[in-house]
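Quick one: structure below, then a few questions.
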Amino acid sequence: MSIGILIVSHVEQIAQGVPTLLSQVAPDISITFAGGTAGQEIGTSLEKISNALDANRAEEVLAFYDLGSAKMNLEMASEFSSKRVTFMIPL
């Protein structure tokens with residue numbers, strides 16, 4: 001069983017930056033991200049989170065998020081996914 005990482009942030013640049021850093025120290029781990037809304041605003045998007053979860057190659061995903069509403073959307077996305085999602089301490 002493989003383990004991946006999903007980063008969810010209200011700010012797209014944070015969501016992109018963390019995986020960029022992590023990929024330098026863990027190049028063999030699938031790391032995906034979702035940040036901001038569909039309109040490039042501060043917030044989270046259920047659709048972006050679902051797409052990032054689906055794009056992660058791992059069967060089990062450790063999901064890191066920044067604020068409570070990100071966790072709420074993450075929980076909803078995980079209900080529609082066949083992957084095992086473990087919620088980690090907020091970013």
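Return the total of residues in the range 46-67 being within 16 Å of residue 14 (Cα to Cα) and of a type in the set (Gly, Ala, Ser). Spell out how you get there, then give the answer.
Step one: of the range 46-67, the residues within 16 Å of residue 14 (Cα to Cα) are 48-49, 52, 63-67.
In the following step, the residues that additionally are of a type in the set (Gly, Ala, Ser) were identified as 52, 63.
Result for the range 46-67: 2.
Taking the range 1-14 on its own, how many of its residues are among the polar types (S, T, N, Q) and surrounded by fewer than 19 Cβ atoms within 10 Å (Cβ to Cβ)?
The first filter runs over the range 1-14 and keeps only residues among the polar types (S, T, N, Q), leaving 2, 9, 13.
Next cut, surrounded by fewer than 19 Cβ atoms within 10 Å (Cβ to Cβ) only: 2, 13.
Summing the residues that are among the polar types (S, T, N, Q) and surrounded by fewer than 19 Cβ atoms within 10 Å (Cβ to Cβ) in the range 1-14 gives 2.
Could you list, in sequence order, the residues of the range 4-15 that are assigned to a helix (DSSP H, G or I) and touching a Phe, Trp or Tyr at 6+ places or on another chain (Cβ under 6 Å)? It would help to see each step written out before you state the result.
Taking the range 4-15 as the starting set, the residues that turn out to be assigned to a helix (DSSP H, G or I) are 12-15.
Of everything in the range 4-15, just one residue is assigned to a helix (DSSP H, G or I) and touching a Phe, Trp or Tyr at 6+ places or on another chain (Cβ under 6 Å), namely 15.
Pick from the range 56-70 the residues that are assigned to a helix (DSSP H, G or I) and free of Cβ contacts under 8 Å to residues at least 60 places away in the same chain: which of them is surrounded by the fewest Cβ atoms within 10 Å (Cβ to Cβ)? Don't jump to the end; show me each part of the working.
Step one: filter the range 56-70 for residues assigned to a helix (DSSP H, G or I), giving 68-70.
Applying the additional criterion that residues be free of Cβ contacts under 8 Å to residues at least 60 places away in the same chain yields 68-69.
On the way: 68: 8, 69: 12.
Among residues in the range 56-70 that are assigned to a helix (DSSP H, G or I) and free of Cβ contacts under 8 Å to residues at least 60 places away in the same chain, the one surrounded by the fewest Cβ atoms within 10 Å (Cβ to Cβ) is 68.
If I go through the range 54-70 residue by residue, how many of them are touching a strand residue (DSSP E or B) at 6+ places or on another chain (Cβ under 6 Å) and not hydroxyl-bearing (Ser, Thr, Tyr)? Write out each step before concluding.
Filtering the range 54-70 for residues touching a strand residue (DSSP E or B) at 6+ places or on another chain (Cβ under 6 Å) gives 55-56, 58, 60-66, 70.
Still in the running and not hydroxyl-bearing (Ser, Thr, Tyr): 55-56, 58, 60-64, 66, 70.
Going through the range 54-70 one residue at a time, the tally reaches 10.
Applying the selection to the range 16-50, what residues are at pLDDT 95 or above, among the hydrophobic types (A, V, I, L, M, F, W, C) and within 12 Å of the chain's Cα centre (by Cα)?
Hits for the range 16-50 are 31, 33, 34, 46, 49.
A further question on this structure: Checking residue 53 against (1) surrounded by 14 or more Cβ atoms within 10 Å (Cβ to Cβ); (2) modelled with pLDDT of 95 or more; (3) farther than 18 Å from residue 83 by Cβ: exactly one of these is not met. Which one?
Only one criterion in (1) surrounded by 14 or more Cβ atoms within 10 Å (Cβ to Cβ); (2) modelled with pLDDT of 95 or more; (3) farther than 18 Å from residue 83 by Cβ is unmet by residue 53, namely (3).
Can you tell me which residue within the range 15-43, out of those that are among the small types (Gly, Ala, Ser) and either closer than 18 Å to residue 73 by Cβ or in contact (Cβ under 8 Å) with a residue 40 or more places away in the chain (or both), is surrounded by the fewest Cβ atoms within 10 Å (Cβ to Cβ)? Talk me through it step by step, then tell me what you get.
First, pick out the residues of the range 15-43 that are among the small types (Gly, Ala, Ser): 15, 17, 23, 26, 30, 34-36, 38-39, 43.
From the residues that got through so far, the ones that are either closer than 18 Å to residue 73 by Cβ or in contact (Cβ under 8 Å) with a residue 40 or more places away in the chain (or both) too are 15, 34-36, 38-39, 43.
Details: 15: 27, 34: 28, 35: 26, 36: 20, 38: 10, 39: 7, 43: 18.
Here the answer is 39.
Quick check: is even one residue across the range 71-90 exposed (fewer than 14 other Cβ atoms within 10 Å of the Cβ), closer than 18 Å to residue 36 by Cβ, hydroxyl-bearing (Ser, Thr, Tyr) and touching a residue at least 24 places away in the same chain (Cβ under 8 Å)?
No, the range 71-90 contains no residue that is exposed (fewer than 14 other Cβ atoms within 10 Å of the Cβ), closer than 18 Å to residue 36 by Cβ, hydroxyl-bearing (Ser, Thr, Tyr) and touching a residue at least 24 places away in the same chain (Cβ under 8 Å).
The values are calculated or read from the model by the stated rules, or taken from the named source; none is laboratory data. Here the structure is a predicted model, which is why all the values come from computation and not from measurement. No Cβ is skipped: glycine too gets one built from the backbone with ideal geometry, and neighbour counts run over all protein chains shown.
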